[in-house]
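Below you'll find the structure, written out as structure tokens, and then a few comments.
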Amino acid sequence: MGLIEKSRIKSPWILHFDNSSCNGCDIEILACLTPLYDVERFGMVNMGNPKHADVLLITGPVNRRTARVLKNLYAQVPDPKIVIAVGTCASSGGVFHNCYNVLGGVDKVIPVDVYIPGCAARPEAIIDGVVLALQKLASLRGDKK
Amino acid sequence: MIDQLITVIVALIVAPLIGGLLFGFDRKITARLQGRYGPPIIQPFYDFFKLLGKQHIAVSKLQFIWIYGYLTFMVVSLLFLVLKLDILLLVFLLGFAGVCFVLGAFSTKSPYAHFGANRELLQILAYEPVLLFLALGVYAQNGSFLISEIFKQDKPLLFTLWPLFIAVLFILTIKMRKSPFDISTSHHAHQEIVRGTVTEYSGPYYALIQLVEWYELVLLLGIIALFWTNPLWVGILIALGAFILELLIDNIAARLTARWMVRLSWSVGLVLGIINIAYLYLTKGVA
């Protein structure tokens, strides 16, 4: 494993995007940053800028309005990148799946690498999902399109 | 000549290593102060190499010229320090580096980058006069702008230039972009004005920005070490002490507005600087 591949695992910068979530999963994501879980010890930093991010953490079902935003954000994250759907709603649409304005899970709009189930997904599950995603990230190459 | 060449090469290689480690130390200390465990000390190097391996996304071709300009001016001003050349020119080169950074942000169309660039200009307005006064203070004390002349003096600069030392400590916070003056781009609050001046840099170019930051930190701590050059290790200890003081201030202070930054740095920095230089000229006679 080369230096860059190793560094990729050691420093996943996260972009958190809320589609139309009830905020339950968002609170759990923020809980990961608190002293109790402290994901920064694995080098994870919550970025506010898609251009600096490696991992997209997406919560909530995609609706017609956020689909456009989500595609835009996905395009702005430089390769190699990983998309994680956090929570039942982001994975499949959850209880909102038949709503007139909801398209469904995140995978209806952009390719998803890891699904984290749970309503709301627990911080342990989120950290576990990111670690799973990192194993995939390590095998990706920088020139992946 | 060969000696100087070796000094240059060693400085170019060692400075980013020290800078990166100091930034890792910064993140660890900050985490501990917040009751967290924190990332490993070498985390900045992981970030750096990861960014090098990412995709190039060009927002504007011009910003790459400015980012290389930023790197070049910063490295040259560091070389002025290690080769013990003119401190006045060093201050001007540092100013050019800052201007390159601002122009890099202005060369994109992002409103966030423009916002950050405007604030960065205010930061330059706040720290540049104080650095200029430092150079003038060194001249008033030694009768020369040369850093090599500082090394020849037995008596440390700190004894006569202590008001300027306080002023330089003050602008160190602005230059390191730490709270309460992290207004143009912030190390911690990534969500505010997105990332300010560095919003539009991604992948390897953002890695370059980090490299410049490491050079800059070493340069600033080197300038602080000039206050006690005989023996130099005391100066280095003072510089490290100043660095830890900055981390402490960063963690206990809330952000101030840009207007307050300029007001405070001018009222503290400039007043201390003018009093210091005026006192030196009065006691030593007008040169």
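The phi-based Karplus calculation (6.51 cos²θ - 1.76 cosθ + 1.60; θ = phi - 60°) puts the 3J(HN,Hα) values of the stretch B:267-279 at 6, 7, x, 5, 5, 4, x, 5, 4, 4, 5, 4, 4 Hz, whole numbers, x for Gly and Pro.
Spin-label model, residue B:267/residue A:4: points 7 Å from Cα along the beta carbon direction are separated by 5.1 nm.
Mean separation of Cα pairs under 8 Å and 6+ residues apart, divided by the residue count of the stretch B:214-283: what relative contact order is that in percent?
Working: 21 pairs, mean separation 12.2, N = 70.
It comes to 17 percent, rounded to a whole number.
For the Cα trace of the stretch B:72-185, dividing Rg by the Kirkwood Rh returns an Rg/Rh value of 1.03.
Give the average over all directions of the projected area of the C-alpha convex hull of chain B, one decimal, in nm². Before the final figure, lay out the partial values.
Values: hull surface 61.0 nm².
Value for chain B: 15.3 nm².
Here the calculated FRET efficiency for residue A:125 and residue B:12, from their Cβ-Cβ distance with R0 = 56 Å, stands at 0.75, rounded to the nearest 0.05. Angle between the Cα long axis of helix B:2-33 and the longest principal axis of chain B, 0 to 90 degrees, nearest 10? Relative to chain B, helix B:2-33 is tipped by roughly 70 degrees. Give, as ranges by residue number, the residues of the stretch B:6-33 whose backbone N falls under 18 Å from the point 7 Å along Cα→Cβ of residue B:248. In the stretch B:6-33, the label zone of residue B:248 (backbone N under 18 Å from the point 7 Å along Cα→Cβ) covers B:25-33.
A simple spin-label model places the labels of residue A:97 and residue B:256 5.7 nm from each other, with each point 7 Å out along Cα-to-Cβ.
Of interest is the spacing of the C-alpha centroids, which for the stretch B:206-224 and the stretch B:241-284 amounts to 20 Å. Given in Å, the Rg to one decimal and the Dmax to the nearest whole number for the Cα atoms of the stretch A:3-139 are 14.0, 48.
Once both labels are positioned 7 Å from their Cα atoms along Cα-to-Cβ, the gap between residue B:232 and residue B:151 label points is 0.6 nm. Relative contact order for the stretch B:157-264: 36 percent, from Cα pairs under 8 Å spaced at least 6 residues apart, divided by residue count. Please sort by residue number the trypsin sites (Lys or Arg not before Pro) in the stretch B:2-95 whose DSSP state is loop and whose Cβ has at most 12 other Cβ atoms within 10 Å. Taking the stretch B:2-95 and a limit of 12 other Cβ atoms within 10 Å, the loop trypsin sites (Lys or Arg not before Pro) found are B:61.
Quick check on my link table: of A:71/B:28; B:155/B:284; B:84/B:155; A:51/B:50; A:10/A:81; A:6/B:54, which ones sit more than 25 Å apart, alpha carbon to alpha carbon?
Working: A:71/B:28 35 Å; B:155/B:284 15 Å; B:84/B:155 18 Å; A:51/B:50 14 Å; A:10/A:81 14 Å; A:6/B:54 13 Å.
From A:71/B:28; B:155/B:284; B:84/B:155; A:51/B:50; A:10/A:81; A:6/B:54, over 25 Å: A:71/B:28.
Between the stretch A:1-80 and the stretch B:1-73, the C-alpha centres lie 23 angstrom from each other.
Read the figures in this text as sums done on the coordinates, not as results from a lab. Please read all numbers here as calculations on a predicted model, not as lab measurements. All Cβ positions, even for glycine, are placed from backbone atoms using ideal geometry, and neighbour counts span all protein chains on display.
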